[in-house]
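The values are calculated or read from the model by the stated rules, or taken from the named source; none is laboratory data. Note that the structure is predicted; figures quoted are calculated from it, not measured. We place every Cβ from the backbone using ideal geometry, glycine too, and count neighbours over all the protein chains shown.
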């Protein structure tokens, strides 16, 4: 019998969480510096050098990539679930402020151009994410501020990033290695000198305030989100639905094939404007010198090309093409940032579906795509939410869709026994929110993913832990998790499974129990691709990104999900035809 993981053994993390929420009850902004000591005291695995004089560059980069660039200009960060909550708190029409975003975290934020940043939150997981991130960012910023005071008054605008001797001296002053300094140069690019000037000239003293925070407001924000979907596609509550939690690009790319139709234009872009590394990769793929799939590469390059002046026309062209062939994008409004897509299977164009999804490979030698035109099913694909928001969203979706034919969850995870780019398939999940241990039949196994994974390894029969937040882990928790055989650390599976239990049982999900989810009336599949190896020194998410090679695991898992859905729908249509219904 599985035992619950005693992650509450970390008193330091419990103290941090209690302190954070007690401070956020205040009706006035709270200074982040109030949390710095207790933050450092929890010995976060993502911020191990918080107490030390030396900078924690990985933690600083991690936070930097997940906060808007305007943060140094901000005095107070305001958190609320919807525009209504902000209006009730005296901040009217925040959506008229400048919308800002971070490179590596989806959160709708608005900057007033002076000193205020208002952010929509979808659940308490956003609080567990934002507060430690701001605290870590401020601690490390102020360390660097102090080190840079040791330099004579100067302007970094003429800094030569090719001057090895000069960079070595700068690295010594900032008490970091030259490799760490190069990572800062990489993420800041041409803005590197400006960033250094800003850090040198200003010490951070951020504040934060939470408006409302009630469970009712989270539910209300979720209702706003769903009503927007129903308005955009009213049939969603009248037709069978396959639910996918993944991202906004891989599922539509595989089903629409738009990028594949742009092959010549994308290849020309690589020749004229692409960087040398990607050009070499495309050359090697084209000449079959590497095992990478050309389709994955084209999907990746399309997004880069659309971000350029010469390729921006393809943004609208892709939208029109997808709409024509059944892919409907529904951005969220007036609440948290979570795009949804509804894909009408009967409207797909079989001629442009990714060639790895041919019916012969999942339905037999003589199968073809003709079953699609007879299908009445939809795919509801959402950009994966953060933590506890997954529970709110699934409960709301299930309330308005019937029948729900399958639930498929794809997301990033940290791995304690694999490498970045590996795929993890769990069948046991411990949830730090509910303290439940969920046991379930995952419809996926290694053989469903491994044919499409080139660079990584597929590890099935794994045990996962859904944690409260990325910073809310330390070495003691990691040790307990690993000792109990849990190797897959992520944030969404547990909350989703709490929702699944309510779709299966007549009561609210339990707390602190072992929950058996075998025998569900719908299919359940969970796939995680590893983006982090926390037991490897320096290999947290601040140490780098999966970049192009993350595409390999993303599309391998997406293909497994779509092949499963197509197989089920092929069988469902055949069964209806056989019974004359």
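What the table below lists for this structure:
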quantity: Residue within region 500-519 that is under 20 Å from residue 424 (Cβ atoms), buried (at least 24 other Cβ atoms within 10 Å of the Cβ) and either under 25 Å from the mean Cα position of the chain (by Cα) or assigned by TED's automatic domain parsing to the domain that holds residue 422 (or both) present; calculated: yes
quantity: Residue in region 127-136 that is farther than 17 Å from residue 61 by Cβ and in a strand (DSSP E or B) present; calculated: no
quantity: Test for residue 322: is it part of a helix (DSSP H, G or I) and under 30 Å from residue 121 (Cβ atoms); calculated: yes
quantity: Breaking point among (1) touching a helix residue (DSSP H, G or I) at 6+ places or on another chain (Cβ under 7 Å); (2) crowded, with 21+ Cβ neighbours inside 10 Å; (3) closer than 25 Å to residue 512 by Cα, for residue 437; calculated: (1)
quantity: Tally of residues being surrounded by 21 or more Cβ atoms within 10 Å (Cβ to Cβ) and free of Cβ contacts under 8 Å to residues at least 60 places away in the same chain across region 294-313; calculated: 4
quantity: Subset of region 327-347 (residues that are more than 21 Å from residue 226 (Cβ to Cβ) and in contact (Cβ under 8 Å) with a residue 40 or more places away in the chain); calculated: 345
quantity: Search result, residues across region 49-78 that are farther than 27 Å from residue 99 by Cβ and surrounded by fewer than 17 Cβ atoms within 10 Å (Cβ to Cβ); calculated: 51, 52, 53, 54
quantity: Scope region 64-95; condition without any contact (Cβ under 8 Å) to a residue 12 or more places away in the chain and either part of a helix (DSSP H, G or I) or within 25 Å of the chain's Cα centre (by Cα) (or both); matching residues; calculated: 87
quantity: Selection status of residue 454, touching a helix residue (DSSP H, G or I) at 6+ places or on another chain (Cβ under 7 Å), buried (at least 24 other Cβ atoms within 10 Å of the Cβ) and not in a strand (DSSP E or B); calculated: no
quantity: Selection from region 25-35 of residues that are surrounded by fewer than 17 Cβ atoms within 10 Å (Cβ to Cβ) and in a helix (DSSP H, G or I); calculated: 33, 34
quantity: Some residue of region 260-274 being assigned to a helix (DSSP H, G or I), within 25 Å of residue 455 (Cβ to Cβ) and under 27 Å from the mean Cα position of the chain (by Cα); calculated: yes
